[in-house]
1. Based on the inverse mean of 1/r over its pairs of different Cα atoms, what is the Kirkwood hydrodynamic radius of segment 3-115, in Å?
2. Once the Cβ-Cβ distance between residue 12 and residue 47 is put in as r, and R0 is 41 Å, what FRET efficiency do you end up with, to the nearest 0.05?
C-alpha cells in the first residue's frame, strides 16, 4: 500500500473534532503519529504556499470549509511545486471531494471523514422535512407527487 493510501485510510477510519480546522489538523497529526507515519506540519513549499502536512513527497491539505473552486486553485498551486508528487485532501465536506483527480500531472486523492457523509444524509433529511414527508425524512430518499399535509383538493 502506498503512503498516500495509508494516509487516506488513517483519516477515513477515525473520527475527528471538526469544530475548527486547527482541531481537525491536531486530530490528523495524532492519528498519523499513532500510525507511525512521519510528517512535517505547516511545511513551506515556497514563499507563498504552506501545506498543512508534508509526508515525504505527499502534500496533505485539510479543509473543513471553502468552495470547490478556491480549494482547487490552492491544490493546483501546490501541484506546481517540484517537491510534491501526490496531493491528499482531507475534508469534512463531501462537496470538496469533487476536486480534479489530476492537477498539473499529479494525482489528487480525497480522504473524506465520516462527518462529510453524515452531512449528505442530514441535508436530505432537512430537505424532506421542508416538503413535509416524514417517511422520506426517515429513509433519506425522494418522494414523488407528495402534497403538503393539510392541503385542500381543488
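1. That comes to 13.8 Å for segment 3-115.
2. Computed FRET efficiency for residue 12 and residue 47: 0.80.
FYI, it's all coordinate maths here, none of it is from the lab. Just so you know, these numbers come straight off a predicted model, no measurement behind them. When we count neighbours, we look across all protein chains shown, and the Cβ atoms used for this are built from the backbone with ideal geometry, even at glycine.
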